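Below: the structure, in structure tokens.
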Amino acid sequence: AIEAARAGEHGRGFAVVADEVRKLAERTQKALQEIKTTLDVTNESIHTIADSASVNSKGILKVSQDFDSVSSKMQEITTIMTNGADMARKSQAVSSKLVSDVGQILTNIEEVKRVATNTSNDVIKADEISKQVIVGLDSQDSRLSKFRT
């Protein structure tokens, strides 16, 4: 602006350009600050999600282990009921139905176990992906900090 004033009439165009460059730099600085704020909020949200996913993954793993225990007990019950059916011929029809139902329960438990295991694996994968996103965002934040004044 000082040089433009010294240049007189010829410097007016330069002063206008210098003023526009200054305004553009101010808007850029403001935009960079808004981006940083958004990235900080996003990072915090991702950290929260990753923590929740980790807790959920542990809970799902515990449920899966409990299903294994229940499945084992149900298999023991099936064996006992089968032996009992041989000893109690009069209740054979009832015992057969019970064995069939327990078998269906075992099938259902195995399916729930499979779904729980898959869900646990998906949560672990999501946790890994969110950690990769955090690393990427941290890298972007680092790159953006080079443009801050």
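We did not get these values from a lab; they are worked out from the coordinates using the rules stated. It should be emphasised that the depicted structure is a prediction, and the values quoted were computed from it without experimental measurement. Methodologically, a virtual Cβ is constructed for each residue, glycine included, from the backbone with ideal geometry; neighbour enumeration extends over all protein chains shown.
Structure notes:
- The stretch 14-65 shape via C-alpha gyration tensor axes, a/c threshold 1.5: prolate
- In this label model, Phe147 and Asp122 are separated by 3.7 nm, measuring between points 7 Å along each Cα→Cβ vector.
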